[in-house]
Amino acid sequence: PPAAAPFHTTAVCMKQRFVGTVLSTAMNKSVTVAVTRLWMHPKYKKVVKKRSKIMAHAEYDEYELGDKVQIEQCRPLSKNKAFTVLRHMDVEKEASLQQTREALRKEREEKYLRSKAEWEAKKAAEAQKEAA
C-alpha cells in the first residue's frame, strides 16, 4: 500500500454543488434556491423527500422565479450566504445570460477607468495649484 501523506500536504477541497429551483429574488445580488434531495429513513426504509432553502450569491441579478440553477459552495459571504450561482441549467438561457454578463462587466470596467482618470486629473490639478 502507498505511504500515508504527511499532515502538511495540501488537500484538494471538494466544494459541494447542488441543482435547485430559484424561490426568491427579492434581495440584491442574492437568490434563495430550493434544493430537493431524497434519503431513506433508517428504520422504516421509506424514501423521503427533503427540501433545503439555500441563499446563494448572484452577482448580476439575472435569475427569475422558477429558474433551475446550479450552485456551488464558497467562503461565507454573509451570515446566511455561503453559495454562489454557477450557471443556469437551461443551455439557451445560459448563453444569453453569458452575453449580458460580459456586457455588464465591460460597462463596470469602463466606469471604473473613467472614475480613475477623473480622480487622477483632479489630483494633477491640485498638485499644479500647490506648485503655483
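The values are calculated or read from the model by the stated rules, or taken from the named source; none is laboratory data. Everything numeric here is computed off the predicted structure, so don't read it as measured data. Cβ atoms come from the backbone with ideal geometry, glycine included; neighbour counts cover every protein chain shown. Note: areas computed on protein heavy atoms with side chains; ligands, DNA, RNA excluded. Shrake-Rupley method; radii C 1.70, N 1.55, O 1.52, S 1.80 Å.
If you place +1 on the Cβ of every Lys and Arg, -1 on the Cβ of every Asp and Glu, and leave all else neutral, what size is the dipole of the chain about its Cα centre, to the nearest 20 Debye?
So the dipole magnitude of the chain works out to roughly 1080 debye.
Can you work out the FRET efficiency for the pair residue 116 and residue 24, with r the C-beta to C-beta distance and R0 = 35 Å, to the nearest 0.05?
Calculated value: 0.45.
Name the residue farthest towards the positive end of the dipole of the chain from the options 52, 98, 121, assuming +1 on Cβ of Lys and Arg, -1 on Cβ of Asp and Glu, about the Cα centre.
Among 52, 98, 121, the one farthest towards the positive end of the dipole of the chain is 52.
Rounded to the nearest 500, what is the 222 nm mean residue ellipticity of the chain from helices alone, with -39500 (n - 2.57) per DSSP H run of 4+ residues and division by all residues?
-11500 deg cm²/dmol
Of the accessible area of the chain, with the probe set at 1.4 angstrom, what percent is carbon plus sulfur?
56
If you put +1 on each Lys and Arg Cβ and -1 on each Asp and Glu Cβ, how big is the dipole of the range 50-101 around its Cα centre, in Debye rounded to 20?
In total the dipole reaches around 480 debye.
For the chain, report the accessible area per residue in Å² (1.4 Å probe, heavy atoms, rounded to an integer).
80
Rounded to the nearest 10 Å², what accessible area does residue 110 show when all protein chains are kept and the probe is 1.4 Å?
100
Which value, in Å³ per residue, describes the convex hull spanned by the Cα atoms of the range 51-132?
126
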